[in-house]
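Visitor: Okay, here's the structure, questions in a sec.
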Amino acid sequence: MKRRLMGVLGLLLIAAMVLAACGGGQATEAPAAPATEAATEAPTEAATEAETEAATEAATEAATEAAAAGEQVTLTFVGAGPGAEANFTKQQIEQFMQENPDIKVNFIEGHVSATDRYGLYLQTFQAQSADIDAMQIDVIWPGDLAEHLVDLNEYGAADVTGDHFPAIVTNNTVDGRLVGLPWFTDGGLLYYRTDLLEKYGYDAPPATWAELTAMAQAIQDGERAEGNQDFWGFVWQGKAYEGLTCDALEWIYSSGGGTIVSPDKIITIDNESAAAALDLAASWVGTISPPGVTGFQEEEARAVWQSGNAAFMRNWPYSYSLGQGDDSPIKGLFDVTSLPGAEAGQSAATLGGWQIGVSKYSKNPEAAAKLALWLASAEQQKARALNISLLPTIPALYDDAEIAEVVPFMPNLLNVFTNAVARPSTATAPNYNEVSTIFFSNVSEVLTGNTSGEDAVINISLDLEDLLGFETGAP
Ligand code: GLC
């Protein structure tokens with residue numbers, strides 16, 4: 001009884017922390033976009049509502065029996081990002097519980113912002129709290145969080161790591177310990193309106209940032225002249241948070257300005273190409289991009305785009321299936337491709353993606369690892385690819401005929417995803433989160449017109465020297 005009470009108290013504590021991390025209300029940040037409906041209406045959706053209900057009932061019954069026999073363990077899993085991800089993950093977890101009646105999983109929806117989620121995890125780890133057993137870990141965090149996570153190779157992951165992209169397994173392996181099981185990968189993409197490109201006489205999406213700027217302006221002018229004053233050329237992520245680090249790394253790297261800090265630990269950000277890339281992005285604010293873009297995360301950009309009010313959007317693959325949902329005004333009217341570069345062919349996509357980690361402080365690491373292995377299995381990754389367009393971390397799935405049919409951009413853009421540019425998290429661990437904060441805060445100052453690209457890159461470089469003690473050099 002006492003244990004149970006402690007458990008309930010623990011959950012309440014997590015709930016309070018999640019709420020605090022969300023600033024009291026995630027709902028206010030999510031746009032009124034049709035994420036939920038799209039998720040349930042997706043074409044290949046396996047479970048109908050009735051099936052889900054039946055499954056839930058069966059799971060509850062089995063769980064009650066297991067609990068009565070005193071065999072059930074309860075796990076808390078924190079996960080999910082923007083769009084339809086949370087709902088779909090909940091459905092998958094229902095299925096897991098049905099198949100594993102001895103494990104009950106409390107699913108807690110983390111904040112959509114990676115930066116805020118990191119804060120929650122850090123707080124929990126620093127308290128060495130057993131309140132969270134397993135969690136979704138960003139591709140940039142293995143180095144920063146390794147000391148708090150178990151080695152999943154000791155819990156059965158060693159048998160499956162060979163099925164995943166080797167680069168992600170390497171990224172997630174810290175001092176020989178696998179601290180995150182690859183769950184889905186991510187890469188920045190350019191979404192573009194095929195109907196509007198045709199209407200304005202363009203036969204291909206832009207290959208350079210200059211082309212994008214000109215095309216976005218021309219389409220915006222045309223649509224406004226026809227009466228749509230809410231129309232914008234280009235939407236992206238401009239708020240001061242991890243997402244801005246991703247966007248800005250794309251502008252800079254695709255302009256020959258390097259990766260902020262190089263893999264061999266040289267601070268390279270103070271260069272003319274990087275400064276020019278930031279100045280160009282600042283010139284978009286209020287011209288081809290809404291002034292409010294400096295407060296946009298992924299979902300705010302998608303809200304403008306999916307309502308049909310933007311010609312171009314920079315976003316992750318998750319926006320694809322939502323945009324193609326039956327209730328989407330732009331269904332069938334857009335495609336995705338690689339982002340532009342300063343020169344044609346210099347394109348860069350920031351490498352994103354999420355892993356599942358198990359807390360070192362968990363009382364049930366075996367059960368938590370079992371959940372991780374199940375969620376990251378080929379079957380479940382395929383379900384996520386088909387229903388919520390999240391990229392598998394298992395190369396074999398890019399040859400899957402059903403995936404090629406439902407989400408053709410996945411096999412088509414495989415080279416973009418496998419060549420994606422990594423943020424400097426390995427070189428700067430365990431300080432990456434601070435590195436990124438210094439970077440996006442300064443970039444934000446450029447976007448809001450408070451400083452120039454040149455001053456920003458000097459500032460970032462000086463702050464990074466103080467923090468990391470690395471040498472500076474050319475990219
Ligand atoms: C996506 C990426 C993740 C990145 C985040 C930034 O979720 O997968 O790696 O940190 O966006 O907003």
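The values are calculated or read from the model by the stated rules, or taken from the named source; none is laboratory data. Fair warning: this is a prediction, and the values are worked out from it, not measured in the lab. As a convention, Cβ positions derive from the backbone with ideal geometry for all residues, glycine included, and neighbour counts pool all protein chains shown.
Visitor: Of all residues in region 84-130 being acidic (Asp, Glu) and at pLDDT 95 or above, which is nearest to the ligand (Cβ to nearest atom)? Explain how you work it out, then say what you get.
Guide: First pass over region 84-130, keeping only residues acidic (Asp, Glu): 85, 94, 99, 102, 109, 116.
Remaining after also requiring at pLDDT 95 or above: 94, 99, 102.
On the way: 94: 23, 99: 27, 102: 32 Å.
This residue is 94.
Visitor: Continuing with the same structure: Got a sec? Which of 124, 185 is within 23 Å of residue 90 (Cβ to Cβ) and more than 20 Å from the chain's Cα centre (by Cα)? Don't jump to the end; show me each part of the working.
Guide: Working: 185 fails: more than 20 Å from the chain's Cα centre (by Cα).
None of the others qualify; the one that does is 124.
Visitor: Then there's this: Consider region 211-250. How many of its residues are free of Cβ contacts under 8 Å to residues at least 12 places away in the same chain and closer than 15 Å to residue 348 by Cα? Before you say what the answer is, go through the steps one by one.
Guide: Here is the first cut: in region 211-250, the ones free of Cβ contacts under 8 Å to residues at least 12 places away in the same chain are 214, 221, 224-227, 229.
Right, trim to closer than 15 Å to residue 348 by Cα and you get none.
Within region 211-250, residues that are free of Cβ contacts under 8 Å to residues at least 12 places away in the same chain and closer than 15 Å to residue 348 by Cα number 0.
Visitor: Counting residues that are under 19 Å from residue 138 (Cα atoms), which helices (runs of 4 or more DSSP H) fully inside region 313-391 reach at least 3?
Guide: In region 313-391, 365-375, 378-388 are the helices (runs of 4 or more DSSP H) which contain 3 or more residues that are under 19 Å from residue 138 (Cα atoms).
Visitor: Sticking with this structure for a sec: Conditions first: (1) buried (at least 20 other Cβ atoms within 10 Å of the Cβ); (2) of a type in the set (A, V, I, L, M); (3) at pLDDT 95 or above; (4) out of contact with any helix residue (DSSP H, G or I) (no Cβ under 6 Å at 6 or more places or on another chain). Residue 174 passes all but one, so which condition is the exception?
Guide: (4)
Visitor: Hey, residue 302 hits all of (1) in contact (Cβ under 8 Å) with a residue 12 or more places away in the chain; (2) outside any loop (DSSP other than H, G, I, E, B); (3) away from the ligand (no atom under 16 Å from the Cβ) but one; which does it fall short on?
Guide: Here residue 302 clears every test but (3).
Visitor: Moving on. In region 361-377, is there at least one residue being under 25 Å from residue 298 (Cα atoms) and in contact with a Leu (Cβ under 8 Å, 6 or more places away or on another chain)? I'd like the intermediate steps shown before the answer.
Guide: Taking region 361-377 as the starting set, the residues that turn out to be under 25 Å from residue 298 (Cα atoms) are 375-376.
Right, trim to in contact with a Leu (Cβ under 8 Å, 6 or more places away or on another chain) and you get 376.
So far as region 361-377 goes, yes, one or more of its residues are under 25 Å from residue 298 (Cα atoms) and in contact with a Leu (Cβ under 8 Å, 6 or more places away or on another chain).
Visitor: Can you pull out the residues in region 435-471 that are among the aliphatic types (A, V, I, L, M) and either out of contact with any Gly (no Cβ under 7 Å at 6 or more places or on another chain) or without any contact (Cβ under 8 Å) to a residue 24 or more places away in the chain (or both)?
Guide: 435, 438, 443, 456, 457, 458, 460, 462, 464, 467, 468 - these are the residues of region 435-471 that are among the aliphatic types (A, V, I, L, M) and either out of contact with any Gly (no Cβ under 7 Å at 6 or more places or on another chain) or without any contact (Cβ under 8 Å) to a residue 24 or more places away in the chain (or both).
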